[in-house]
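The values are calculated or read from the model by the stated rules, or taken from the named source; none is laboratory data. Predicted model only: the values in this text are computed from it and were never measured. Using ideal geometry, Cβ is built from the backbone for each residue, glycine included, and neighbour counts are taken over all protein chains shown. The accessibility values were calculated without ligands, DNA or RNA, using every heavy atom of the protein model including side chains. Shrake-Rupley method; radii C 1.70, N 1.55, O 1.52, S 1.80 Å.
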Amino acid sequence: MEKNPTKLDYHEDMWRLQSTAILLSHLKGDDGRHVLILDRTIFHPQGGGQPADTGFVCIEGLDNKFLVHDVRSKDGIVFHYGFFENLGGDFEPTPETGKEVSLFVDEPRRKRNSRLHSAGHLLDICLSRIGLGHLEPGKAYHFPDGPWVEYKGVISQNEMQNKQKELELEANALISVGGKVYADILPYDEAAKLCSGCLPDYVPKESTPRILRIGDNPGCPCGGTHVADISDIIQIKVSQIRSKKGLTKVFYNVES
């Protein structure tokens, strides 16, 4: 297995949907799926509460597209899972390593995932703006079947009812104004300055974390993909707030 980590091109350009790479390995799993390992990728692997990109890969010398159904990362290596298109009989493609490949990310899926992910971060910002700054961000789930963000801390039943609409109005007010969204890989000290002076304990001090900034608000570490401008989220609907066992969960969705 290759020891060099896969270069994550989407870290540098979140809106790039086509690129090229070099095929390093081709495997076939026990479940029948083929696996491609490339030297670099624009496909976002599932993680950080964000689902994987899908799309396809064209390999030099092969007529069959490789349809990417899932993407996962392990120990810095990105695995592209899928199937070759239009295979007949017992034919098994054997793509040659070292060949150039062309990558194509499904645009509607990437945009939807980026909107959902960005909306979750925007809700983090809005909680402080409506007086719930004591809630500390925790887990998040940015999948289309029911996105939510979870926080450490609780609020009362009355607050839940009153703040739900206030949170939605605040978020959509920021969306209507808009503002650029940035994600940059920075030295630790510079990154900390953009994140209100400190970074979470899980970020190693010798690292160069990737920091997301939404408009003029404080940044936060994040490895996902996001919209180019806050206005691209279009609209947020906060459907419910639940608070129990020391945690508060905000359920939301994005609407066109």
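Brief remarks follow.
- Accessible surface of the stretch 1-129 [probe 1.4 Å, protein heavy atoms]: carbon and sulfur percent: 46
- The loop-placed chymotrypsin sites (Phe, Trp or Tyr not before Pro) in the stretch 170-256, going by DSSP, that have at most 15 neighbouring Cβ atoms within 10 Å of their Cβ come out as Tyr202.
- Under 5 Å, built H, 5+ apart or other chain: amide partners of Ser25: Ile37
- Average accessible area per residue (Å²) across the chain - probe 1.4 Å, nucleic acids and ligands excluded: 52
- For the stretch 1-100, the set of GluC sites (Glu not before Pro) satisfying both a DSSP loop assignment and a count of at most 14 other C-beta atoms within 10 Å is given as Glu2, Glu12, Glu60, Glu85, Glu96.
- Entries of Lys163/Lys244; Lys111/Lys163; Lys74/Lys99; Lys28/Lys74; Lys152/Lys245; Lys65/Lys111 with Cα pairs more than 19 Å apart: Lys111/Lys163; Lys74/Lys99; Lys65/Lys111
- Within the stretch 12-53, the trypsin sites (Lys or Arg not before Pro) that combine a DSSP coil assignment with at most 16 other C-beta atoms in a 10 angstrom radius are Arg16, Arg33.
- Relative to the longest principal axis of the Cα atoms of the chain, the long axis of helix 157-177 makes an angle of roughly 60 degrees.
- Those residues of the stretch 1-38 whose amide nitrogen sits under 16 Å from the label point placed on Asp106, 7 Å along Cα→Cβ: 17-18
- Rolling a 1.4 angstrom probe over the stretch 190-256 with all protein chains present gives an accessible area of which 50% lies on carbon and sulfur atoms.
- Model label sites at Arg16 and Cys198, defined 7 Å from Cα along the beta-carbon direction, differ in position by 3.6 nm.
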